[in-house]
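This report refers to the structure that appears directly beneath it.
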Amino acid sequence: MTRRTEAIFRDILYAQCWEDPEIDREALRIGPDDTVFSITSGGCNTLTFLIDNPRTVYALDLNPRQNYLLDLKMGAFAALPYGEMLELLGVRPSRRRRELYARVRGALALASRRYWDERQVKVDQGLMHAGRYEGYMRLLRHCLERFKGKRLIREFFDAEDPAERVRLYRQQWDTAFWRLFTRVFLSRTMMTTLFTKEFFTFVEGSFSFGSHFAQLVERALTRMPLRENYFASYILLGRYYDEDHLPPYLMREHFDLIRSRLARVHMITGTCGDFFTAMPNDSIQQFNFTNIFEWLPEEDLEGILREAWRVGSPGAVMTYRNLLVRRERPPALRMMIEQDRTLAAALHARDRSFIYRNYVVERIIKPETRWSTGSRQSMTAAV
């Protein structure tokens with residue numbers, strides 16, 4: 001890890017998860033006897049998986065600050081009523097977040113408490129706004145508001161007819177300024193400033209970041225529901241559209257259920273390889289890898305998947321995403337890991353987090369595995 005990469009991990013990179021947990025839940029089909037492995041990131045999807053009643057959820061992140069964030073979110077669930085939890089997280093406006101934090105801090109691990117005690121400004125912001133990535137989203141939004149106007153952005157959310165959104169995009173959004181904006185603010189240079197060049201080592205040199213993300217934005221603005229899409233509303237409005245359109249783990253109807261299952265979450269700081277090495281064979285039923293593989297050499301991907309195969313039970317499901325670099329099960333593992341591209345494509349078409357190029361669903365094959373063609377087809381039909 002370079003000094004620049006280490007600097008990126010010295011603080012919270014993601015205050016929210018930017019992967020749609022609903023398609024993961026469809027693919028994983030978590031049950032009451034299941035152990036789930038998930039990358040922590042913003043912690044949102046780890047908590048969402050509790051809705052499905054797993055036995056255990058292991059939340060792992062290389063960056064300990066991501067686990068400190070999850071620890072505080074879990075503390076908010078445990079110590080605060082629903083409305084005050086939304087205040088601390090930043091969903092609702094509040095001038096008393098430090099007071100709310102003081103009521104939660106006693107439930108935190110010592111390292112988490114030390115981190116948050118020294119970063120009360122982040123507490124003031126609201127937890128969901130406290131990441132480096134969310135800061136980048138604020139910068140993009142402020143530029144769009146200045147040059148496109150809040151009114152135009154709001155018109156996209158107010159438009160009931162998709163044809164009206166297409167008209168707004170073609171006549172008012174897709175201008176010379178927008179094309180310049182994508183070349184500058186959605187460029188490889190800007191992405192490298194946000195992250196580090198090592199994150200993009202495996203992206204083709206000729207790949208156009210700006211053109212790619214511009215196409216994704218066009219799809220989101222013209223073809224996807226906006227009010228229901230809390231990813232798009234946060235990017236464009238700086239908040240969720242309303243409390244009827246929140247991430248699943250923040251919906252009122254799930255609050256008591258998640259609170260009652262918090263003890264099932266176990267946080268680990270480290271690498272996938274180190275964690276899997278310490279786990280027994282056949283001990284995990286679902287894996288949520290987010291998009292970690294595209295930052296790794298292909299030989300590292302193969303090594304992690306080999307260990308996932310060992311610790312995974314027969315038929316265990318793995319999901320992950322590709323943002324810019326295509327990564328899937330290497331051919332060398334085709335007798336160990338089965339791809340389900342039909343299901344993955346069906347789910348990807350419904351993905352509200354519109355930034356990802358590819359969604360991957362794979363299953364671990366062992367002698368006890370009983371996956372028939374008919375069962376895969378019926379599972380795909382169910383979605």
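For the criterion of being surrounded by fewer than 24 Cβ atoms within 10 Å (Cβ to Cβ) and within 15 Å of G270 (Cβ to Cβ), P54 fails. Within the stretch 189-204, the set of residues being within 21 Å of R219 (Cβ to Cβ) and either assigned to a helix (DSSP H, G or I) or modelled with pLDDT of 90 or more (or both) comprises M190, M191. Going by what's in this entry, would L301 be described as of a type outside the set (V, I, T), part of a helix (DSSP H, G or I) and without any contact (Cβ under 8 Å) to a residue 40 or more places away in the chain? Spelling it out, L301 is indeed of a type outside the set (V, I, T), part of a helix (DSSP H, G or I) and without any contact (Cβ under 8 Å) to a residue 40 or more places away in the chain. In the stretch 276-285, the condition of being of a type in the set (D, E), at pLDDT 95 or above and farther than 18 Å from T56 by Cα is met by no residue. All conditions but one from (1) surrounded by 14 or more Cβ atoms within 10 Å (Cβ to Cβ); (2) more than 27 Å from L47 (Cβ to Cβ) apply to E299; the one that does not is (1). Could you please give the count of residues in the stretch 305-322 that are outside any helix (DSSP H, G or I), buried (at least 19 other Cβ atoms within 10 Å of the Cβ) and of a type outside the set (S, T, Y)? Selection size over the stretch 305-322: 5. From the list R334, R327, the lone residue that is in contact with a strand residue (DSSP E or B) (Cβ under 9 Å, 6 or more places away or on another chain), assigned by TED's automatic domain parsing to the domain that holds E19 and either surrounded by fewer than 17 Cβ atoms within 10 Å (Cβ to Cβ) or touching a residue at least 24 places away in the same chain (Cβ under 8 Å) (or both) is R327.
Say whether the condition of being among the β-branched types (V, I, T), in contact with a helix residue (DSSP H, G or I) (Cβ under 9 Å, 6 or more places away or on another chain) and assigned to a helix (DSSP H, G or I) is met by at least one residue in the stretch 233-245. Taking every residue of the stretch 233-245 in turn, at least one turns out to be among the β-branched types (V, I, T), in contact with a helix residue (DSSP H, G or I) (Cβ under 9 Å, 6 or more places away or on another chain) and assigned to a helix (DSSP H, G or I).
When each of Y101, Y82, Y58 is tested for being aromatic (F, W, Y), under 30 Å from T201 (Cα atoms) and either touching a strand residue (DSSP E or B) at 6+ places or on another chain (Cβ under 6 Å) or not assigned by TED's automatic domain parsing to the domain that holds L347 (or both), the lone residue that passes is Y58.
Of all the criteria given as (1) outside any loop (DSSP other than H, G, I, E, B); (2) surrounded by 21 or more Cβ atoms within 10 Å (Cβ to Cβ); (3) under 17 Å from the mean Cα position of the chain (by Cα), the one not satisfied by M85 is (3). Taking E19 as the residue in question, decide whether it is assigned by TED's automatic domain parsing to the domain that holds F275 and either crowded, with 21+ Cβ neighbours inside 10 Å or over 18 Å from the mean Cα position of the chain (by Cα) (or both). Against the criterion (assigned by TED's automatic domain parsing to the domain that holds F275 and either crowded, with 21+ Cβ neighbours inside 10 Å or over 18 Å from the mean Cα position of the chain (by Cα) (or both)), E19 qualifies.
Scanning the stretch 312-344 for residues that are within 26 Å of S211 (Cα to Cα) and of a type in the set (S, T, Y) gives a single hit, Y320. The residue pairs whose first member lies in the stretch 33-50 and is on the phi > 0 side of the Ramachandran plot and surrounded by 24 or more Cβ atoms within 10 Å (Cβ to Cβ), whose second member is part of a helix (DSSP H, G or I) and of a type in the set (D, E, K, R), and whose beta carbons are closer than 6 Å, counting only pairs six or more residues apart or on different chains, are G43/K73.
For P225, the criteria (1) part of a loop (DSSP other than H, G, I, E, B); (2) of a type outside the set (D, E, K, R); (3) over 17 Å from the mean Cα position of the chain (by Cα); (4) within 27 Å of M190 (Cα to Cα) hold in every case but one, which is (4). T319 meets the stated requirement of being at pLDDT 95 or above, in the same structural domain as Y14 (by TED's automatic domain parsing) and closer than 30 Å to L140 by Cβ.
The values are calculated or read from the model by the stated rules, or taken from the named source; none is laboratory data. Not measured: the values here are computed from a predicted model. Cβ: placed from backbone, ideal geometry, glycine included. Neighbour counts: every protein chain shown.
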